[in-house]
Amino acid sequence: MMAAVVVDAAALVVIEPSPPVEVSGPDPSVVVGPGTYRAADVYGPVTDGSQTRSESALARAERKRGIRVPRLDCPMLVVAGKDYLETRGRPVAEYYRAQLLEFPDLNHGELVSDPQVCDAIRRWVGCQLP
């Protein structure tokens, strides 16, 4: 979402994005610093067969503390499943007046691999671009 503003994107598709400050508000209690973050350490072992990976603790902390994306000037599609529909999907779509595609039977990991989601995104993008 941050890059879409900088590069003047023609369209944007997000899958259960972390909500920016404008949607969730800031969390100044989050300590921002370097390191490595492992999701399994916080959320427990993965049960859907996907692999966990380490990521930047700095990037995660900045995201959790709050990143500003006050507006988007391009069409946007928000894709959401059962895990984050109420906390990410709907609120982000409402704030940015984006189209929302709900997949209530799919979890966060399944959204990126399910063929029906890929097809729906492909159709939406095809309608947005010349």
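Bear in mind that the values in this text are calculations on the coordinates, not laboratory data. Just so it is clear, the structure is predicted and the values come from calculations on it, not from any experiment. Virtual Cβ from ideal backbone geometry, glycine too; neighbours counted across all protein chains shown.
With a Förster radius of 25 Å applied to the beta-carbon distance between Leu129 and His108, the computed FRET efficiency rounds to 0.40. Here, P(r) means the percent of Cα pairs in each 5 Å bin from 0 to the largest distance; for the chain it is 2, 10, 16, 20, 21, 18, 10, 3, 0.
Available extension along the chain between Asp27 and Leu100 is 23.7 nm, counting 0.36 nm per residue and deducting the alpha carbon span.
Mean-square fluctuations from a GNM of the chain, with a 10 angstrom spring cutoff on Cα atoms, peak among Asp41, Asp27, Asp105 at Asp41. Other residues lying with their Cβ under 12 Å from the Cβ of Glu94 contribute a combined charge of +1, Lys and Arg counting +1, Asp and Glu -1.
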